[in-house]
Amino acid sequence: MSILKQAYQPEQFQEKGHELIQLLSQYLSSALTASSKKMIPWNTPKKELSFWKDHLQNGTSDTLFKTIIEHSIQLHNPNYMGHQICPPLPITALSNTLSALLNNGMAVYEMGIASSSIERIIIEHLAEHIGYKEQAGGFLTSGGTLANLTAMLSARKAKASEDVWRAGSGNKLAIMVSEEAHYCIDRAARIMGLGDDGIIKIPVTESYQINSDLLENYYQASIAKGIEVIALVGSAPSTSTGIYDDLEALANFSKKHNLWFHVDGAHGGAAIYSEKYKHILKGIEQADSVVIDGHKMLMTPSLTTALIYQNGQEAHQTFNQKAHYLLETSKDEDWYNIAKRTFECTKSMMSIHWYVILKTYGKQIFDEFVTTLYDLGNSFAELIDKTLDFEYALQPQSNIVCFRYKKSDWTEKETNTINAQIRQRIVEKGEFYIVQTKLMDSFYLRVTLMNPFTSEVHLTGLLDHIREIASEL
Ligand SMILES: *Cc1c(COP(=O)(O)O)cnc(C)c1O
């Protein structure tokens, strides 16, 4: 049999599949209990590259999956407190396999009969929890970055006085956003050709919220330059600090000036599911559009992002194109032909991950996940408060906490340098994973508590680990 035909044989798939599930189960049990000390197998990029070059030439394919696992960071380890990607629920690894093999391409209904209908159900579920009414709509897409760009394109379609889609850009357009917003908003504005003047960055308050008092001045200054402001973006929360903008104030301002109000809830929009924390999203129901990442706070694998519109028709109008081989023209809203509304053509069957969670465990699992992790953010701040040698930058509003190690006789400069060295040593040692950020030119260590198995034991362990590293420097 040809190698090609062999590669499709079900028997081989079954055998390899069993092996992989066994390996992943072993990974899970060791990661969840932090049973091996290393949770990130740090290597320099240069050495890691030569390892894989050598592996391709001389390695065995028998242990390939195992080798990849051994060379990867463990998100399921409770000492993983780094970036905002979640440890996905094991069941979604199974739905991901399903999506990979069925490979229903989703662009048109026939290429995703089940998954397109399921996608609509997920969007309706999210819309209901946001507080939207019946006319809401939306779709899933690959990542918050792409979803935010798409929302800005919808804003332009809805608000710009010229039809840029047809005429190309004439007037100068602009988007208002906090200076602390995720960089992808700035990127979206530049992709849209808006340039430096097209991204109006509003300073934050001392507590790192967008300063709503400054909106009017910045708005008027742009108008005076002949710029047409089309949208205002709120962060829920901003990535670096985990602080939520005052969405109600932003909604009011947007109404006053007829702006598109977009909420970037890539990280913390998921708090719509938390009975305890959903109050911080007050005002989100007034947004024209909302982005929520499943792969951050809703336990799905990457990339699964929802873009939900208060008025689903707006989603339908963003990309007004003909492609006769793919997209039929239709008067009514053919919600089931998803490529009409997404930037993407082909995409994965991402809706099934959300659905499998909802169907298997119920929506309360989302509440428990978000609430547990946001509680943990507060516990960590309390823990830091009790020490003499650590301080946090801001009282956390979510599971993101910025803090640093500090001795009373250190200058600001020394504190910055030492904390930067500490962060580098932590990664190299590989027992914990945390990241860093800069706030007002000061260097801070930053954790995002993404793992519901992280407890005070691990947090105390992290502080002790940092003290130990500091004493070695
Ligand atoms: C993570 C994040 C993004 C980017 O989302 P991706 O899914 O990584 O593309 C955008 N905005 C905010 C606020 C984020 O936290």
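The values are calculated or read from the model by the stated rules, or taken from the named source; none is laboratory data. Only a predicted model underlies this, so the values are computations on that prediction, with no experimental measurement involved. Every residue, glycine as well, gets a Cβ built from its backbone with ideal geometry; the counts of neighbours run over all protein chains shown.
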Exercise. Out of curiosity, is PRO41 buried (at least 16 other Cβ atoms within 10 Å of the Cβ) and either outside the structural domain of ILE352 (by TED's automatic domain parsing) or aliphatic (A, V, I, L, M) (or both)?
Worked result: no
Problem set entry | Among (1) closer than 26 Å to MET349 by Cβ; (2) assigned to a loop (DSSP other than H, G, I, E, B), the one test that LYS296 misses | (2)
Exercise. Which of the residues belonging to segment 98-128 are among the charged types (D, E, K, R) and in contact (Cβ under 8 Å) with a residue 40 or more places away in the chain?
Worked result: GLU119, ARG120
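Please work out if GLY131 is assigned by TED's automatic domain parsing to the domain that holds LYS340, surrounded by fewer than 24 Cβ atoms within 10 Å (Cβ to Cβ) and in contact (Cβ under 8 Å) with a residue 24 or more places away in the chain. Spell out how you get there, then give the answer.
On the way: assigned by TED's automatic domain parsing to the domain that holds LYS340: yes; surrounded by fewer than 24 Cβ atoms within 10 Å (Cβ to Cβ): yes; in contact (Cβ under 8 Å) with a residue 24 or more places away in the chain: yes.
Yes: the conditions hold for GLY131.
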For this session: Specify the residue that is nearest to the ligand (Cβ to nearest atom); the eligible residues are those in segment 220-247 that are part of a helix (DSSP H, G or I) and aliphatic (A, V, I, L, M).
Result: LEU247
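Take the residues in segment 248-260 that are outside any loop (DSSP other than H, G, I, E, B) and out of contact with any Gly (no Cβ under 7 Å at 6 or more places or on another chain), then tell me which one is farthest from the ligand (Cβ to nearest atom).
The extreme case among them is LYS256.
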Problem set entry | Selected residue (only one of GLN84, GLN74 is surrounded by 18 or more Cβ atoms within 10 Å (Cβ to Cβ) and touching a His at 6+ places or on another chain (Cβ under 8 Å)) | GLN84
Problem set entry | Conditions (1) more than 29 Å from LEU439 (Cβ to Cβ); (2) within 27 Å of the chain's Cα centre (by Cα); (3) small (Gly, Ala, Ser); number of the one not met by GLY170 | (2)
Exercise. Given the conditions (1) touching a helix residue (DSSP H, G or I) at 6+ places or on another chain (Cβ under 9 Å); (2) assigned to a helix (DSSP H, G or I); (3) closer than 30 Å to PHE453 by Cα, and given that ILE40 satisfies all but one, which numbered condition is not satisfied?
Worked result: (2)
Problem set entry | Only one of THR150, THR141, THR145 that is within 16 Å of the ligand (Cβ to nearest atom), without any contact (Cβ under 8 Å) to a residue 60 or more places away in the chain and in the same structural domain as ASP293 (by TED's automatic domain parsing) | THR145
Exercise. If the Cβ limit is 8 Å and pairs must be 6+ apart or interchain, which residue in segment 343-361 that is surrounded by fewer than 24 Cβ atoms within 10 Å (Cβ to Cβ) pairs with which residue that is at pLDDT below 95 and assigned to a helix (DSSP H, G or I)?
Worked result: CYS345/ALA339
Exercise. Is there a residue in segment 69-87 that is part of a helix (DSSP H, G or I) and outside the structural domain of SER240 (by TED's automatic domain parsing)?
Worked result: yes
Exercise. Does LYS276 satisfy the condition of being more than 16 Å from the ligand (Cβ to nearest atom) and in a loop (DSSP other than H, G, I, E, B)?
Worked result: yes
Exercise. Could you give every pair whose Cβ atoms fall below 6 Å, whose first residue belongs to segment 178-199 and is more than 22 Å from PHE253 (Cα to Cα), and whose second residue is away from the ligand (no atom under 15 Å from the Cβ), counting only separations of at least 6 or pairs across chains?
Worked result: GLY193/SER169
Exercise. From the list ILE122, ILE118, which residue is under 21 Å from the mean Cα position of the chain (by Cα), crowded, with 16+ Cβ neighbours inside 10 Å and more than 30 Å from ILE434 (Cα to Cα)?
Worked result: ILE122
